[in-house]
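Each remark here refers to the structure printed beneath this line.
The values are calculated or read from the model by the stated rules, or taken from the named source; none is laboratory data. Keep in mind it's a predicted model, so treat the numbers as computed, not measured. Note that we place each Cβ from the backbone using ideal geometry, even for glycine, and neighbour counts take in every protein chain shown. Side chains are part of the model used for accessible areas, which takes the heavy atoms of the whole protein and leaves out ligands, DNA and RNA. Shrake-Rupley method; radii C 1.70, N 1.55, O 1.52, S 1.80 Å.
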Amino acid sequence: MMSLINLDRIQKHYGKGQSGVCALGGISFSIETGEMIAVVGKSGSGKSTLLNILGGLDSPTDGEYSFAGKRIDRLKPNHLAEFRRCNIGFVVQHFALIDDMTVFDNIALPLRYRKMAGKLINEKVEHLLADMEISDKKKAYPPELSSGQCQRVAIARAIINKPSVLLADEPTGALDEQTGCHIMDIIRNLNEQGMTTIIATHDRDIASSCQRIIQLSDGHIV
Amino acid sequence: MPEKFGFGYEEGACEPYNRDGEQFFPAKCIQVSGNVFTEFGISVEEGQAFSSEDFVLDNTDKLKAVLGNEYKEYFKIGDRLEAEYLFTRMKFEVSGFLPPNTYIPRNGVLVYMDRYILIPAFSRIDTQRYYDIASIALLQQANGQIVTADKSLDVPGLVKALSNKYNTLYFDVNKIGQKEIQRTIKLSDEIVKTLFLIFLTLVVFTVVGLTVNIQGRIRDNYYRYGVHLMSGAALANITCQIIGLIMYIIGCSLALSLVLAAIATGIGMQLIVVILVALAIFALSCIVPLITIKRLDISCLVRRKE
């Protein structure tokens, strides 16, 4: 059976010559549909670079990246954007919300790039707001929310397009323990519903709760 | 014909003259263009003013004349006058009379028209048949300065030939030498160069100012662009946002410029120049921001704030 994600000798170099940095030094692995994987490693080990490549925000310098059998490393920027739009949801440590947009508009942003009708956007966002238990914050702005509420908004935005993969980069890094647990419950719940989940984390408890752990060190899988 | 209609009668200098054995009486006469009636609010008391066909000279036997009010005692509508006009025998039909006490401003002075004959200032002349009349009409209309480096337009020669032929022609020709023409052209070139320099400086200041401003906005919005890209935007969407912003700034400035230009110089083709300059500034202002967007390192846009 074909893997959902297949990385083959992926390399990523920043800069050229002696001042250049090798962020990923030829890593290979596969991920099956519905898996929940933790990517662990020290700061600078290449976790974020790996997630950026998996999410189509960055392209590898060398190697092959296939998603559902389709070569992603060869895609042009516009097609890469379409790939992100249809398949990937991002959650990051500091939420990446736009402060001068309401909670509703932040969540609706991916739908607007899909040119969805206003009525449908309204329905989908309302539904997710209810799921995340933040319906009352619909018209609030991110600075008015708690960290936990911000991360729920970020998760709602990440999954509103029903992506096949959720990439979470330190999703609980900016949260207290209790809120972090709650956010992880939401992510686990999404995974149980079939969403492939890849989490970059320093947290051993979160890593150990995943089905598989990929440990990175200096751009290589240990 | 009473003397009061004679040219120079009021100054006591109205003398008849002989030509080819015939005696002529110099009458007060004025050429008027088509718009003189509307421009100066003059109406015709009786009969008709000139129509557009009356300003075409193709037959000297069928011309129209409008007479001053004091002529009413001596002529009626449809009467014919025979006169030597522009050194040529012509026949005029009286088409109308001006109301009494009509004045027409000429060279800053109001001229009392009641004793005048109004003749159409011909705008089109059959030059094949009436070459001399056409030449004289041209010289009459060129009542300012003729500045030309083109030797083919020999104005003094033309005047001299006509003067010799008719033995009289009141037309002063001040010929400007080649040096003066060159100096005038050089001066014009200098003015054009200076204006171009000012124009270039303003355009450069505008483009650089706008570019720096937009670059600043791009830097300030790195994080926002990162969020948009994570949400499925393409770089083309970000580019559209930037171009939209530049268009908005240029559009506001252009609207204001057009209004000011229209107030200062009126609505006309010159406004197209304003639009073209705005388009050029828009195109130039887009270059650096577009390069910046193209070179954006997407992966660095949303950095973890550890």
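Points to keep in mind about this one:
- Scanning the stretch B:257-290 for residues that are over 17 Å from B:L202 (Cα atoms), small (G, A, S) and surrounded by 12 or more Cβ atoms within 10 Å (Cβ to Cβ) turns up just one, B:A262.
- Residue match in the stretch A:174-195 (condition: open to solvent by 20 Å² or more (accessible area, probe 1.4 Å), part of a loop (DSSP other than H, G, I, E, B) and within 14 Å of chain B (Cβ to nearest Cβ)): yes
- Filtering the stretch A:2-25 to residues that are closer than 26 Å to A:Q211 by Cβ and open to solvent by 30 Å² or more (accessible area, probe 1.4 Å) leaves A:M2, A:N6, A:D8, A:R9.
- Flag for A:I98 being farther than 28 Å from A:I5 by Cα, within 13 Å of chain B (Cβ to nearest Cβ) and out of contact with any Phe, Trp or Tyr (no Cβ under 8 Å at 6 or more places or on another chain): yes
- Flag for A:R84 being in contact (Cβ under 8 Å) with a residue 12 or more places away in the chain, open to solvent by 80 Å² or more (accessible area, probe 1.4 Å), at the interface with another protein chain (Cβ under 9 Å from one of its Cβ atoms) and within 19 Å of the chain's Cα centre (by Cα): no
- So B:K179, is it of a type in the set (K, R), under 28 Å from the mean Cα position of the chain (by Cα) and modelled with pLDDT of 70 or more: yes
- Looking only at residues in the stretch A:69-107 that are in a helix (DSSP H, G or I) and among the aliphatic types (A, V, I, L, M), the one that is farthest from A:T197 (Cα to Cα) is A:V103.
- The listed residue being under 21 Å from A:H94 (Cβ atoms) and more than 19 Å from the chain's Cα centre (by Cα), out of A:L128, A:L145, A:L167: A:L145
- So A:I198, is it in contact (Cβ under 8 Å) with a residue 60 or more places away in the chain and not in a loop (DSSP other than H, G, I, E, B): yes
- Summed over the stretch B:237-253, the residues that are farther than 19 Å from B:R295 by Cβ and either facing chain A (nearest Cβ under 7 Å) or open to solvent by 30 Å² or more (accessible area, probe 1.4 Å) (or both) give a count of 7.
- Of all residues in the stretch B:5-23, those that are over 18 Å from B:V111 (Cα atoms) have Cβ atoms under 6 Å from Cβ atoms of residues that are at pLDDT 80 or above and loosely packed, with under 10 Cβ neighbours inside 10 Å, 6 or more apart or on another chain, in B:P16/B:Q23.
- Subset of the stretch A:159-173 (residues that are facing another protein chain (nearest Cβ under 10 Å), under 27 Å from A:K42 (Cα atoms) and open to solvent by less than 10 Å² (accessible area, probe 1.4 Å)): A:L167
- Applying a threshold of 6 Å to beta carbon distances and a minimum spacing of six or more residues, or different chains, the list of pairs starting in the stretch B:212-226 at a residue that is closer than 12 Å to B:T292 by Cα and ending at one that is at pLDDT below 95 and surrounded by 14 or more Cβ atoms within 10 Å (Cβ to Cβ) reads B:I214/B:P289; B:I218/B:T292; B:Y222/B:L301.
- The set of residues in the stretch B:288-302 that are of a type in the set (A, V, I, L, M) and either closer than 26 Å to A:S48 by Cβ or without any contact (Cβ under 8 Å) to a residue 12 or more places away in the chain (or both) comprises B:I291, B:I293, B:L296, B:I298, B:L301, B:V302.
- Selection count where residues are assigned to a loop (DSSP other than H, G, I, E, B) and surrounded by 16 or more Cβ atoms within 10 Å (Cβ to Cβ), scope the stretch A:119-137: 2
- Number of the exception - A:M116 against (1) open to solvent by less than 40 Å² (accessible area, probe 1.4 Å); (2) at pLDDT below 90; (3) of a type in the set (A, V, I, L, M, F, W, C): (1)
- Test: residue in the stretch A:200-219 that is crowded, with 20+ Cβ neighbours inside 10 Å, touching a Ser or Thr at 6+ places or on another chain (Cβ under 6 Å) and under 30 Å from A:F67 (Cα atoms): yes
- For the stretch A:145-158, the tally of residues that are open to solvent by 10 Å² or more (accessible area, probe 1.4 Å) and of a type in the set (V, I, T) stands at 0.
- Residue within the stretch B:224-236 that is of a type in the set (F, W, Y), open to solvent by less than 30 Å² (accessible area, probe 1.4 Å) and on the phi < 0 side of the Ramachandran plot present: yes
- Screening A:S45, A:S19, A:S59 for residues that are in contact (Cβ under 8 Å) with a residue 24 or more places away in the chain and at negative phi leaves exactly one candidate, A:S45.
- Taken together, the residues in the stretch A:25-64 that are hydrophobic (A, V, I, L, M, F, W, C) and away from chain B (no Cβ under 12 Å) amount to 8.
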